[in-house]
Amino acid sequence: MLMPSGLGFHNQQLGAVGGALAATGLILMCPVTAMAGSLASGGMQGMKMYVFEEASNDSDLTVRISESNGGAKNLKMVVFDGASAAQYTSESLPEERGRNLAIPPDERVAPVVLDEYPRKQPQEDDLQIKGYGELGYRHDQMKWSKAAPGGTPNVLSELQWDAVQSVVITGGTDITFADNWQVDGKISYGQIVNGKNQDSDYYSNYRQDEFSRSNNASDDGMSIDLSAGLGYHLTVGRKNRAPYWRFTPKVGYAFHTQHFNMTDGYQTIPATGSFDGLDSTYEGTWYGPWGGMATKWAFTERFSAEAAAAYHWIDYEGTGNWNLRNDLQQPKSFTHDADGGGIVSSAVFRYLLTPNWIIRFSAEYQHWLANNDGIDKMLFADGSSAEMKFNEVKWKSYGFNLGVEYIF
């Protein structure tokens, strides 16, 4: 038998085809080598072999048995093997590549895609949308300080929140379009369930001569985090086929806020103990643009890991309500303003369960500092106000989340 593209067709190749035929559930009634000899000598007239060549790197195999007009069964072997779209038989082949033989539409057989990778693969210029939800744990620390009106002491008052623990719910989406562009966004809500607060005041510079300290509960409050980004994928390796390595430069905008309640007051310096009525609040808000890089490693068709880091340019605003200070306005007793920056890093591990469903585990670390052009503005009950230097505010946070992701 003559083959297209000058390729020889021998028993080993027919044997491989026969194995694939057996995998489809069909039983060959004669040895593959005998079939090859019969075709070459003109025997087994009812059997025809078609070879299709198409622009693909994959080889797919299927078989179709149909009734001829004379009632006899014809076994048609159809092989899809990539280089061109020509079709050939053993009956008539021109010298160069073989005469094109058009198969009637009702006898054409769709190829069987032998692809072990179960994920829906986005094609070029396709739109792919993913959505995910997570439930997790977060641990926060925050501290701020201000100076006296004349600058001495340089730390007049300092408040810090430690071991603030929250249950966090997160939802997000990831949209890839025009092959390489990506838009993503997420929103998180955290409910504070545990935490503690310390409020200290000093007579002298550098936190010397502490004259007042209270240690209070901060086991109520909430946090909200919003972020959106735009990125462009740069892939090393075969795109969307493991293994590959992908880089994504990104820019975006983020908004973060924490709302802390302070209750169960306990005076440590001077050591007078518990006091009633404490129900103060402090709210800190961070917002601004960011730029960063994400990278993804697809180790196998099912398992991948992603890491990201971003720097944020932020404006910081704080608002406090000191409910036991009768000389200050209620509910807004003072405000804070400052500029600064933050670093957010994260990692995501994904495992593909089905063509649509993914289980994911993520971790995140944040480190923020606003210490430029800080202003503390006190709002007094008589309507007057005073401004002092706001030294800085620091916020550190880490968290872990477990969730699912869906590919639309």
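Each value in this text was obtained by applying a stated rule to the coordinates, not by laboratory testing. All values reported here derive from a predicted model rather than from experimental measurement. Neighbour counts run over all protein chains shown; Cβ positions are idealised from the backbone, glycine included.
In plain terms, the C-alpha convex hull of region 128-407 casts an average shadow of 15.9 nm² when viewed from every direction. Measuring between alpha carbons in the structure, the pairs from LYS332/LYS394; LYS250/LYS396; LYS146/LYS250; LYS143/LYS250; LYS250/LYS389; LYS196/LYS296 lying more than 28 angstrom apart are LYS146/LYS250; LYS143/LYS250; LYS250/LYS389; LYS196/LYS296.
Using R0 = 22 Å, the C-beta based FRET efficiency linking PHE299 and PHE408 works out to 0.35. Here LYS377 and GLN267 are evaluated by their C-beta separation; at R0 = 30 Å the FRET efficiency comes out at 0.65. The label-point distance for HIS139 and ASN205, in a model that sets each label 7 Å from Cα toward Cβ, rounds to 3.6 nm. The listed peptides 381-389, 320-328, ordered by packing as a protection proxy, come out as 320-328, 381-389 (highest mean of other Cβ atoms within 10 Å first).
Each of HIS312, HIS259 was scored by other Cβ atoms within 10 Å of its Cβ. Listed from fewest to most, they are HIS259, HIS312. PHE400 sits among other residues whose Cβ lies under 10 Å from its own Cβ, and their net charge, with Lys and Arg +1 and Asp and Glu -1, is -1.
Annotation: the residues THR257, THR281, sorted from fewest to most other C-beta atoms within 10 Å of their own C-beta, follow the order THR257, THR281. I want to make sure I understand the PRE zone here: with the label point 7 angstrom from the Cα of ARG325 toward its beta carbon, which residues in region 151-169 have backbone N atoms less than 12 Å away? In region 151-169, the label zone of ARG325 (backbone N under 12 Å from the point 7 Å along Cα→Cβ) covers 157-159. Along the positive direction of the dipole of region 271-408 (beta-carbon charges: Lys, Arg +1; Asp, Glu -1; about the Cα centre), which of GLY292, SER385, GLN330 reaches farthest? So the residue we want is GLY292. Extension gain, THR257-THR235: 0.36 nm per intervening residue step, less the Cα-Cα distance, totals 4.4 nm. In plain terms, the residue of TYR287, TYR316, TYR203 with the fewest other Cβ atoms within 10 Å comes first and the most crowded comes last, giving TYR203, TYR287, TYR316. Extending 7 Å from Cα along the Cβ direction at LEU353 and again at THR152 yields two label points whose distance is 6.6 nm. Using 0.36 nm per residue and subtracting the Cα-Cα separation, the extra length available between SER385 and SER345 on full extension is 10.5 nm. The calculated FRET efficiency for SER274 paired with VAL193, based on their beta-carbon distance and R0 = 22 Å, is about 0.50. VAL193 sits among other residues whose Cβ lies under 10 Å from its own Cβ, and their net charge, with Lys and Arg +1 and Asp and Glu -1, is -2.
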